[in-house]
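A quick write-up on the structure given underneath.
Bear in mind that the values in this text are calculations on the coordinates, not laboratory data. Computed from a predicted model, the values in this text were never measured in an experiment. Quick reminder, even Gly has a Cβ in these numbers, built from the backbone with ideal geometry, and neighbours come from all protein chains shown.
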Amino acid sequence: MSGRRVTVTRNPVPAAGAGAAGPLRPLGAGPDADAEPDGWADPGELHLRSIVAGQLSLAWRTLAAVAGILLGAAVLPSLGEYAGIGAPGVWLVLCLAPPPLWALLAVTHLRRAERIERESVRTVRDGG
C-alpha cells in the first residue's frame, strides 16, 4: 500500500454484479416480502420505525415551541403598549429574549433526539 493519502468525497459506485443494491422497495417490503405474506416485519425495521416515530413526535413538539416563540414575539408589542412599557422596552425584549430561547430549544431538541436513539438501541441490545 502506498503512503499517498486520498480524500474520498462520496461512496464508490459498486461494480456490476458485485452486490449491487437492486431496485428500491417501500419501507414495509423487506428483501423477502414475497416469503412473508402475513406482513410480519423484521426486528431492524421495527427498531427503525420506533426511532422515526419518537423523533417525529419530538419534532412536532419542537415545532409547537417554535410557533409559541413566534406568536409571543408577534403579540409582545401590543401587550407592551397595553402595559405601558413603551416601544423601546418592548423592542429591547424582542431583541434579547428570542435568541437564547432558540439556542435552548435547539440544544434541548438535539439532546432529546439523541436520547431517543440511545434508548432504542439499548432496548434492542438488551432484548426488550
Exercise. Put a dot 7 Å past each Cα toward the Cβ at SER50 and ARG125; how far apart are the dots in nm?
Worked result: 1.4 nm
Seminar exercise, completed: Label model pair TRP60, ALA106: point-to-point distance (7 angstrom along the Cα→beta-carbon line) in nm is 2.6 nm
